[in-house]
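Here's the structure, in structure tokens; my notes come after.
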Amino acid sequence: MDEKELIQRSQSGDGEAFGVLVERYKGKVFSLAYGFSRDRTAADDLAQEVFIKAFYSLPRFKAESGFGTWLYRIAVNHAKDFLRKNRRRQKDVSIQDVGEPALAAPNASPEENRIEEGRRNVVREALARLPEKYRVILTLRDIDGLSYEDISGILKLSPGTVDSRLHRARRKLRETLAGRLGRQGGDDGL
Amino acid sequence: MDCKKAEWLLLQSLDERPGPEEAALLNGHLEGCPSCRRKAEEYRTIARLVRPQTVPEPLPYFRERFLARLRENEKSSPALAWVKWAHGAVALSLAAFLFFGAGILLFQPQEPRELSRTERFVLQDENPLGEAGNILDQKKAEDRNMMLIFASVGDPEVSRRYRP
């Protein structure tokens with residue numbers, strides 16, 4: 001069954017048809033949610049909520065953009081709500097508590113892996129402290145790896161604005177980390 | 001090329017956007033500018049560290065859990081419908097209350113207005129001199145005085161006045 005037909009059936013309330021769409025898009029939506037939350041359980045919950053929201057918003061879907069872009073837009077807006085709600089909690093979290101443990105490099109020593117993980121946490125923490133619009137665009141581009149065109153469609157921004165905002169976001173992140181970037185060695189030195 | 005232009009190209013290069021000519025220009029600048037070289041290294045390090053090494057899969061039975069959640073929502077939808085209905089009913093009742101209230105205020109029956117002395121004289125054929133004549137007709141000065149006192153009190157109810 002093609003996507004258009006699945007959407008039409010879902011729009012008339014067919015949950016099973018929408019279930020097929022869920023199966024197709026769950027990876028992308030989960031990945032996006034994970035990019036924002038960096039927590040598997042929270043990302044899973046966020047993704048579930050995004051699909052529920054999408055199902056009930058589907059009658060208003062006019063196919064002006066692709067279904068994936070529309071779904072991503074819902075996911076980004078939901079993730080923004082999540083970030084706002086969790087802002088206070090995130091500020092209280094220790095740098096060492098942030099995120100899932102990364103895979104260890106095959107030839108690295110345990111000490112090297114520990115330092116690398118510490119560096120990743122420092123960068124994540126700095127990213128979490130950026131203004132929302134910078135955090136969102138950096139997450140979409142550098143974490144989720146979306147194309148400029150996709151980001152432009154999801155955030156409803158012109159490609160030029162995506163370009164300039166992304167540059168400002170990266171510059172801001174580097175400035176935020178400047179003190180630590182300059183430090184050599186140590187747990188937090190990059 | 002100045003450092004500002006070099007930084008812009010550097011940021012573009014993170015997404016492999018500059019063409020070969022611009023990339024060559026950037027590399028030329030970086031070779032001769034230690035400050036921009038350090039900046040380039042920092043940008044690349046951050047780009048590497050910010051990217052998750054792995055993205056885990058969603059928790060098992062994602063679709064099944066979603067469908068169960070959807071069914072649960074559908075089950076609770078009659079309650080939601082009732083709440084919607086209740087909201088509508090409350091709004092309608094309020095509108096009706098305001099409508100009837102306004103109607104009562106606008107169309108309430110007027111209480112009969114008290115007539116002025118002239119109106120009473122004209123419309124009810126009341127002679128204002130009738131009472132004065134009655135007082136002056138009294139033969140006893142005491143009665144006349146008492147009647148004058150009571151009349152001057154101004155009680156409109158004549159029956160409550162002094163009568164000899």
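Some points to look at:
- Over segment B:1-44, relative contact order from alpha-carbon pairs under 8 Å, at least 6 apart, %: 45 percent
- Taking other C-beta atoms within 10 angstrom as a stand-in for reagent exposure, B:Cys36, B:Cys3 fall in the order B:Cys3, B:Cys36, fewest first.
- Shown is the FRET efficiency for B:Phe121 and B:Asn145, computed with R0 = 30 Å from the Cβ-Cβ distance and rounded to the nearest 0.05: 0.70.
- Formal net charge of residues neighbouring A:Gln8 (Cβ-Cβ distance under 11 Å; K, R +1; D, E -1): -2
- Exposure proxy ranking for B:Asp137, A:Asp45, based on other Cβ atoms within 10 angstrom of each Cβ and starting from the fewest, stands as B:Asp137, A:Asp45.
- Cβ neighbours within 10 Å from other chains - mean over A:111-122: 1
- Take each residue in B:60-71, count the other chain C-beta atoms within 10 Å of its C-beta, and the mean is 5.
- Cross-link reach list, lysines versus A:Lys28, counting only Cα pairs under 22 Å and skipping chain neighbours closer than eight places: A:Lys4, A:Lys53, A:Lys62, A:Lys80, A:Lys133, A:Lys156
- Annotation: peptides B:8-20, A:71-83, ranked by per-residue average of other Cβ atoms within 10 Å with the highest first, follow the order A:71-83, B:8-20.
- Straight Cα distances below 17 angstrom link B:Lys4 to the aspartates and glutamates A:Asp163, A:Glu175, B:Glu22, B:Glu31, B:Glu41, B:Glu42, with same-chain residues fewer than 8 positions distant left out.
- Inter-chain neighbour count for A:12-18: the average number of beta-carbon atoms from partner chains within 10 Å of each residue's beta-carbon is 2.
- Percent RCO, i.e. relative contact order, over segment B:1-78, from Cα pairs under 8 Å lying at least 6 residues apart: 26 percent
- Going from the residue with the fewest nearby Cβ atoms within 10 Å to the one with the most, B:Ser35, A:Ser65 rank B:Ser35, A:Ser65.
- Between A:Ala108 and B:Arg38, the C-beta separation translates, for a Förster distance of 30 Å, into a calculated FRET efficiency of about 0.80.
- Using the Cβ of B:Glu57 as centre and a radius below 10 Å, the other residues enclosed give a net charge of +1, where K and R count +1 and D and E count -1.
- Distance from segment B:45-65 to segment A:137-173 (C-alpha centre basis), Å: 19 Å
Here, each number is a calculation from the coordinates, and none is a lab measurement. Bear in mind that the values here come from a model prediction, so they are computed numbers and not experimental data. Every residue, glycine among them, receives a Cβ derived from its backbone with ideal geometry; neighbour counts consider all protein chains shown.
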